[in-house]
Amino acid sequence: MTAIPYPISARHKGFNRAEIVDQNFNEFVQLWQGDVHAPQGDHSPVLPGSALDAKGFRELLESQLISRHLDLMARVLRVQNKVFYTIGSSGHEGNAMVARLTRHTDPAFLHYRSGGFMAERFRKLPGMDPVMDSALSFAASKEDPASGGRHKVWGSKPLWVLPQTSTIASHLPKALGTAIAIEQARRIGHKLPIPDDSIAICSFGDASSNHATAQTAFNAAAWTAYQKLPAPVLYVCEDNGIGISVKTPTGWVANNFRHRADLDYFFADGLDLAEGYAQVQQAVEHCRHTRRPTFLHLRTTRVMGHAGTDFEIEWRSVEELFAVEASDPLLRSAEIALSSGLYTKESLLALYEATRKRCFAAAEDADRRPRLTSLADVMKPLAPYTPAEVKAEAERTDYQERRVAAFGGDDKVPEKQPPRHLAIQIGQALHDMMAKYPESLLFGEDVAQKGGVYTVTKGLHKAFKNSRVFNTLLDETIILGLAQGYANMGMLPIPEIQYLAYFHNACDQIRGEAASLQFFSNDQYRNPIVMRVASLGYQKGFGGHFHNDNSIAALRDIPGLVVGCASRGDDAANMLRTMMALAKVDGRVCAFLEPIALYMTKDLYEAGDGQWQFDYPAPGQAMTLSEGRVYHEQANDLVVFTFGNGVPMALRAARSIEAELGWQVRVVDLRWLAPLNNAFIAEQAKSAKRIIVLDEGRRSAGVGEGVITAIVEGGSGATPLQRVVGEDTYTPLAGAALLVLPGEADVVAAARKLG
């Protein structure tokens, strides 16, 4: 490659490096003096020995130039408040080769330096404009076809690019999940929305490859391949040697991944289209034909810094910047363009400038387009809810033959059985839902032959076989990554997280990924999930913190997530029906919290009374989202708001309060913890003479704060109120656990204070 003559002015510390990079291209072309080969036909190699033909090179070059000029445009217009995002793709334009060599129906999960990939993938469908679409996204326009102006994301519904935000490896598990789902569909007879031999593509940087979430994805991919299970995911590590300002040790990526068993390693030079094309092609074809997880190590560089606010000259030497800028892949592409005879200096510079004008014109046009101006517009795709359609789906009963088969006969359907406790009824409801939805899958740690730690899923594996009920490796991040992958492919996943405390290992898979997809794709993409979590405390001190966890606030803080908690079996069945309908109809992500201490509870007041066992609700019944349950509706001396373990606790405490104080006590089971039904809470509070909010969460991070806010804002702030709540501590082992969790005596004591 011809050496680049740098202008003397480029050495000045105050120079804008974007301007220098731009100027370098022009000077390189103008001063180039290499040999020119006679132009060949469109389908001849662009250079002798290259797998890339002339037509392909011209199109890849155009995609590279579009990506570069979008970056340059963003740097200029950012200071004019016409562009709001400047993390660019400069130096990574070689990823356009990955787009060219894959299909537009191969689901793509891309990191933010994917401008070249996107420009090239736009060629796959006629009539689409990568420049205007990108400009609308840069400008945060409401007309942005990717996110509707909610974020600068690379995304496209018709091109199967699922929007990611500024991800740090959190998209790698769901890319693997999508790859596995492509193969799983065949085993369960599910029709995919894409061709059966599709692969999943996932790009990320060298620095991100070290992240725990990335490592867990690589491990799970290898674990899958080790068992000879197909997992056609193409992991593309775009190695530019630096993460913001932290350098990746030379050779680290290759040394770390080249010899990993069951993660097939390929290298490609992303700085040289003529050389790298065959290398990328080899990796793509390997992944598609072998259906094995494939690691493509793509050499890139990073010019112009991490983002527009990154002034590298302040922390990198000029000499180092010169060396980086000399490796600019557009200079090598210019050299190929000129030496191949496909372009003259004049025609190449004309194309360069025409692309610049096109990008600036699109940006100016995008700046005039409408932006999001109302809260309603912003939130519209976050949590779609169509009550009538959800109700109809939840109450749909046209699967009787399948459910009879699932239960083993008409006489064994659960509504014909005697009242049963929570664990049994959840299991019955899961049998019901899996019969109703042939596209549903239930998976997690120990859920199959064992039937779960608490036998809740007992019998499901026998009824639905290993293709629909299966164990996973012990990794909550991958469990939820799998769930998103299955959902992306049109299935209805029911992942189980073994304990609520374990959810925190993988919280971002729900918070940053699953629950955000509808929002950042403007409801174009959905990943319906019903996540079951064994939860809460009161296991008579068993297991300490990890098995007695009340951190519901971590779930309630996730925008758009539906959180429900049933305290009794009939409610659990109806709630699961509603959650599955919410997922099916509106694409919602739901968390179903199952109180472990109530799984086997049969009695309410005295041993043997059987008053906490209930009939199974026959098909055709369901529960409305946010609908609560009220015990003793006419009582108003004291109203207790609670949920989960608090419900039977409050009912027992109510007997003591009535005996001691003579008060009639109403107990309100919230059942739905997100979204809280503020209107329902306010209505129940209006007629109350006194109020207790019984919250088994922690004092500073529970559900009670939301309940009290609803009461106050609903106009009952003057009503005497006491809060009974857990303490701000981890839950200790054995009997000491009950010292930090609220109990019946605490509820009675709070009532006395209100007297």
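The table that follows gives values for the structure above.
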quantity	calculated
Segment 282-323, residues that are of a type in the set (A, V, I, L, M), at negative phi and in a loop (DSSP other than H, G, I, E, B)	303, 307
Restricting segment 156-170 to residues that are small (Gly, Ala, Ser) and out of contact with any Ser or Thr (no Cβ under 6 Å at 6 or more places or on another chain), the residue that is nearest to residue 198 (Cα to Cα)	156
Number of the exception - residue 315 against (1) crowded, with 18+ Cβ neighbours inside 10 Å; (2) farther than 30 Å from residue 132 by Cα; (3) in contact (Cβ under 8 Å) with a residue 40 or more places away in the chain	(1)
Listing of helices (runs of 4 or more DSSP H) fully contained in segment 79-193 that carry 3 or more residues being in the same structural domain as residue 371 (by TED's automatic domain parsing), closer than 26 Å to residue 331 by Cα and out of contact with any Lys or Arg (no Cβ under 7 Å at 6 or more places or on another chain)	96-101, 115-121, 130-138
Residue in segment 409-424 that is outside the structural domain of residue 270 (by TED's automatic domain parsing), without any contact (Cβ under 8 Å) to a residue 60 or more places away in the chain and among the acidic types (Asp, Glu) present	yes
Extreme residue, modelled with the highest pLDDT, among residues of segment 67-86 that are of a type in the set (A, V, I, L, M), surrounded by fewer than 24 Cβ atoms within 10 Å (Cβ to Cβ) and within 16 Å of residue 135 (Cβ to Cβ)	72
Residues located in segment 505-532, provided they are outside any helix (DSSP H, G or I) and either surrounded by fewer than 24 Cβ atoms within 10 Å (Cβ to Cβ) or hydroxyl-bearing (Ser, Thr, Tyr) (or both)	521, 522, 523, 524, 525, 526
Strands (runs of 3 or more DSSP E) fully within segment 555-632 counting 1 or more residues that are at pLDDT 95 or above and crowded, with 24+ Cβ neighbours inside 10 Å	562-565, 589-595
Filter result for residue 404 (assigned to a helix (DSSP H, G or I) and either surrounded by fewer than 22 Cβ atoms within 10 Å (Cβ to Cβ) or of a type in the set (A, V, I, L, M, F, W, C) (or both))	yes
Criterion: small (Gly, Ala, Ser) and touching a residue at least 12 places away in the same chain (Cβ under 8 Å) - qualifying residue of 608, 628	628
Near pairs, Cβ below 9 angstrom, 6+ apart or cross-chain, from segment 249-262 (in a helix (DSSP H, G or I)) to any residue that is of a type in the set (Asp, Glu)	252/206; 252/239; 253/206; 253/239; 254/239
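The values are calculated or read from the model by the stated rules, or taken from the named source; none is laboratory data. It should be emphasised that the depicted structure is a prediction, and the values quoted were computed from it without experimental measurement. Ideal geometry is used to build each Cβ from the backbone, glycine not excepted, and the neighbour counts take in all protein chains shown.
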